[in-house]
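Coordinate-derived values only; no laboratory data. Computed from a prediction, not measured in an experiment: that's the story for all the values here.
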Amino acid sequence: MANNAQRNHDRRLSTETKASTKTTEFFAYLAAVVAIAITAVVVGDGGEGEDPFGASQALRYITYLTVGYMIARGLAKSGSRDYYDENGR
């Protein structure tokens, strides 16, 4: 009789990992990108004609950060799980 009893609980499901916007590394990435952009705007040439930290260098660093962020997300997805119930809890 115990085998025929109906269960009233949800199935436990999982995704590979948390959504990227729920991670600390996402906010650290955004902060670093904003810091680089602000630095590129604030640091000027000082009237000498050459900008020591211009837009091209800022874009290069932002690209490096983006590649690093994508690698970090890939590593995070490779071994972790985010569990949730069938009804979305």
Expressed as a fraction of 2.2 N^0.38 Å, the rule-of-thumb size for a compact globular protein of N residues, what is the C-alpha radius of gyration of region 15-78?
1.44
Taking 0.36 nm per intervening residue step and subtracting the Cα-Cα distance, what contour gain separates Gln57 from Ala35 on full extension?
6.6 nm
